[in-house]
Amino acid sequence: MIDALFEGLLLVLQWKAFAFMLLGIGLGFWVGLLPGLGGATTLALMLPFIYAMQPVEAFAFLLGMHSVVATTGDITSVLFGVPGEATAAATILDGHAMAKKGEAGRALGAALTSSLIGALVGAFALALAIPVVRPLVLTFGSPELFMVAIVGLAFIASLSAHGARGMLRGFLAGGLGLFFATVGQDPQAGIARYTLGTLYLWGGLELVPMLIGIFAIPEIIDLVVRGTSIAGDVPPGRLNKGALEGVKDTFRHFWLTIRCSLIGTFIGIMPGLGGSVAQWMAYGHATQSARNAEERKQFGAGDVRGVLGPGAANNSKEGGALIPTVAFGVPGSSAMAILLGGFFLMGLVPGPDMLTKHLAVTFSMVWTIVLANVITVVACFLFLNQLARLTAVRGHLLIPVILVLVFIGSYTANNHYGDVLVMLLFGGIGYLMVVGGWPRAPFVLGLVLGKIAENYLYISVARYEAAWLYRPVVLVLLGLALVVICYPLIQARRAGAKKDAHA
Amino acid sequence: MHSKASLGLGVGIMILSAWGVISALAWPWKAALFPLVIGIPIFCLAATEVLWVLFGSTVRGETMDFQLSTHLPEQVTLRRTALAVGWMLGFFGAIVLVSFPVAVPLFVFLYLKLQGREGWGLSLIFTVAVWALFYGLFDRLLHLPFPDGWIQTWAGLT
């Protein structure tokens, strides 16, 4: 095994494979920065180019590209409040809030360092877990996966606002997200649901325009209202400092970063959940690290832990998602499904062969994830502070550029004007939520989880009827969901009692 | 203002979920299961929220999310918000009427001149730069299909 590990490294370091990896990193870097252009889409576009390559070169190219997309997606999220990738949306909540306080450099430093640690943890998990993961994946059937989705939603809904009122709004927002996810042709009976008689809605609502609208539109309106730069009146001298502080923050909260990386890896392993879910789960966990209600209020207002959690989970999920893809041929996400296509194009069959005959190729994938992330983060750090200065550019110079990217980013989902309308509609909803003090995070998680949860619920009911509710892992997860819901309320009550006692 | 937004959202969700549940009742159970499982609870939660807004405390809830700027007078905030919405709707209208390749430079230039009150030189150079980025990346490199606008189609310029 050790021999295969080193052989994998040597394979990636061959000049041709290394050059293809650099090319992939370059492409992934820009794809990550552009809103709307997803990593999965780019993988699909690049798939035909691997025909002439050797397996190691092909995976160095594809994985190199895919590994850095989430990392650079964080950059636009932090600087402009526009998610460069669907998987980078959670970074906006605290990352962009930090940018508005003049701490863009620190937020970017934290996002990139946690991304690197996340990627390393994911790659390490991939290297270690392949022989032992089979029983874990097989324990989780549809009922358990449905409950994982419910726990995730309970997690974020109960933690993203304060008190009973906040929790009510959190669950309402999450439920609304799940409801919007039902739009389109239903997967079981083929009924057109809530399509308003239009063909466009048959395919359902696209995630990218919805995410861009929910997050970017309220930020853009606020920027117009303020009439200043993103960083406001913060002295320009402060903007180009802080990247190093972000690195230090990562190590100050090292165990949080590791835990969020593990959450990302776990979500990555679970088929169908994907990176959009991992980031919110990690964000929910990061908010739990607040020791009291006062500290929790910092989240959403620029707490660096809100950047570290999603940043780490975003990248660690790649290693996790590769585990079932390589070991069983079960892709953990849409991007992995496309990568699976790459396996077949290369004449490789995922499964036991990848762990025996082609073990060196499997380890070359691990090394590609590690090297691609290290190279990207080092390259980003070279001009991170210069990037942070963009937050000092006059707002009315940035707004037209951001709006052009927002409109085109939405349009690219289906190349249909309907996507732009969806973006504007969800922008309106997002704006109302911000004005009304409703949390947007559960709404987005509901949108992401809707289709997955529906599918698992249907299979659970059709296969087990009501008996799925009594399965041991389901009961454990149900208990966990109840704890997650009750914990903040108990914490708030205790804090209230303490305050009364002091008075 | 936050109470009005909450009330609007609550009532909107009640109407939406009621319509969703009523529509789902006519579908086979396979298609109706999830919309009913979701629709009924969110109707009840939305009704609770509406009652809370109408008869409960008016204190704004604290969320882990970004807050809009509050340092400006409400009239100024409302006027600028309306302006921002107007620009976005105007840009969308321009895209539909004259398509992306024409709407992008038109919007950037007008925004810089009218909203940003920038000089002619900077406005023109900036517009050309944004247009070059748009054209080079999305049109030439990525070959995104941009359909003709209504005006081009109507005038037979396709």
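The values are calculated or read from the model by the stated rules, or taken from the named source; none is laboratory data. As the structure is a computational prediction, the values presented were derived from the model and not from experiment. Glycine gets a Cβ as well: all are built from the backbone with ideal geometry, and neighbour counts include every protein chain shown.
B:F91 fails exactly one of the following numbered conditions: (1) surrounded by 15 or more Cβ atoms within 10 Å (Cβ to Cβ); (2) at pLDDT below 95. What is the number of that condition?
(2)
Rundown of residues vs (1) part of a helix (DSSP H, G or I); (2) more than 10 Å from chain A (Cβ to nearest Cβ); (3) at positive phi, yes/no style:
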| residue | (1), (2), (3) |
| --- | --- |
| B:V50 | yes, yes, no |
| B:V53 | yes, no, no |
| B:H71 | no, no, no |
| B:G90 | yes, yes, no |
| B:I95 | yes, no, no |
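Can you tell me which of (1) more than 11 Å from chain B (Cβ to nearest Cβ); (2) at pLDDT 90 or above is the one A:T182 doesn't meet?
The single condition A:T182 does not satisfy is (1).
In the range B:118-141, which residues are within 11 Å of another protein chain (Cβ to nearest Cβ) and under 19 Å from A:I402 (Cβ atoms)?
Selection gives B:E118, B:L122, B:S123, B:F126, B:T127, B:A129, B:V130, B:W131, B:L133, B:F134, B:L137, B:F138.
For the range A:94-115, indicate whether the set of residues that are outside any helix (DSSP H, G or I), out of contact with any Leu (no Cβ under 7 Å at 6 or more places or on another chain) and either at pLDDT 85 or above or more than 30 Å from A:G347 (Cα to Cα) (or both) is non-empty.
yes
Go through (1) modelled with pLDDT of 90 or more; (2) within 22 Å of A:A413 (Cβ to Cβ) and name the single condition B:L141 misses.
Result: B:L141 passes all but (1).
Just the residues that are charged (D, E, K, R) and either within 19 Å of the chain's Cα centre (by Cα) or modelled with pLDDT under 85 (or both), please, taken from the range A:204-240.
A:E206, A:E219, A:R226, A:D233, A:R238, listed by residue number.
Mind checking whether some residue in the range B:74-89 is within 30 Å of A:V31 (Cβ to Cβ) and among the acidic types (D, E)?
no
Does the range A:403-416 include one or more residues that are free of Cβ contacts under 8 Å to residues at least 60 places away in the same chain, crowded, with 24+ Cβ neighbours inside 10 Å and closer than 25 Å to A:L196 by Cα? I'd like the intermediate steps shown before the answer.
So the first thing to find is which residues in the range A:403-416 are free of Cβ contacts under 8 Å to residues at least 60 places away in the same chain, and the list is A:404, A:407, A:415.
Next, only the ones that are crowded, with 24+ Cβ neighbours inside 10 Å stay: A:407.
Remaining after also requiring closer than 25 Å to A:L196 by Cα: A:407.
There is at least one residue in the range A:403-416 that is free of Cβ contacts under 8 Å to residues at least 60 places away in the same chain, crowded, with 24+ Cβ neighbours inside 10 Å and closer than 25 Å to A:L196 by Cα.
Yes or no: the range A:418-432 includes at least one residue that is more than 21 Å from A:A90 (Cα to Cα), assigned to a helix (DSSP H, G or I) and without any contact (Cβ under 8 Å) to a residue 40 or more places away in the chain.
Yes, the range A:418-432 contains a residue that is more than 21 Å from A:A90 (Cα to Cα), assigned to a helix (DSSP H, G or I) and without any contact (Cβ under 8 Å) to a residue 40 or more places away in the chain.
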